[in-house]
Amino acid sequence: MGRPINDRGVLGRFRPPPELPKSLLDLWPVVVTGTALWFVAFVALLVTGITGLWLWTTLAGGALGLLGLAVMRWQRSAAQRGSRGAQRGL
């Protein structure tokens with residue numbers, strides 16, 4: 001077995017992984033884009049006259065996206081308030 005590739009100042013066998021860039025950790029663009037796509041699909045189904053399961057599935061997807069945005073906003077405000085149970089980094 002070869003020597004670990006750690007620097008001398010790092011304890012343990014491996015170096016800690018580097019921090020991810022902020023742009024990869026930001027959830028807002030992903031959730032907003034996904035929610036918008038669900039509503040675009042809903043409108044497209046309405047325009048084409050397709051009814052049934054897919055119509056309600058797209059509406060539910062958009063509604064759940066809006067609910068997710070509300071939860072993310074709630075968590076962010078709780079973190080800014082300093083609430084102990086709030087998730088950080090949302």
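Within region 51-68, can one find any residue that is within 21 Å of LYS22 (Cβ to Cβ) and in contact (Cβ under 8 Å) with a residue 40 or more places away in the chain? No - not one qualifying residue is present in region 51-68. Residue count for region 42-69, restricted to those that are loosely packed, with under 12 Cβ neighbours inside 10 Å and within 16 Å of VAL30 (Cβ to Cβ): 1. Looking only at region 70-90, residues that are surrounded by 11 or more Cβ atoms within 10 Å (Cβ to Cβ) and outside any loop (DSSP other than H, G, I, E, B) come to 9 in all.
Any read-out appearing in this document is the output of simple, stated calculations on the displayed coordinates, not a laboratory observation. For clarity, every value in this text was computed on a predicted model and none was experimentally measured. Cβ sites come from the backbone with ideal geometry, for glycine too, and all protein chains shown count toward neighbours.
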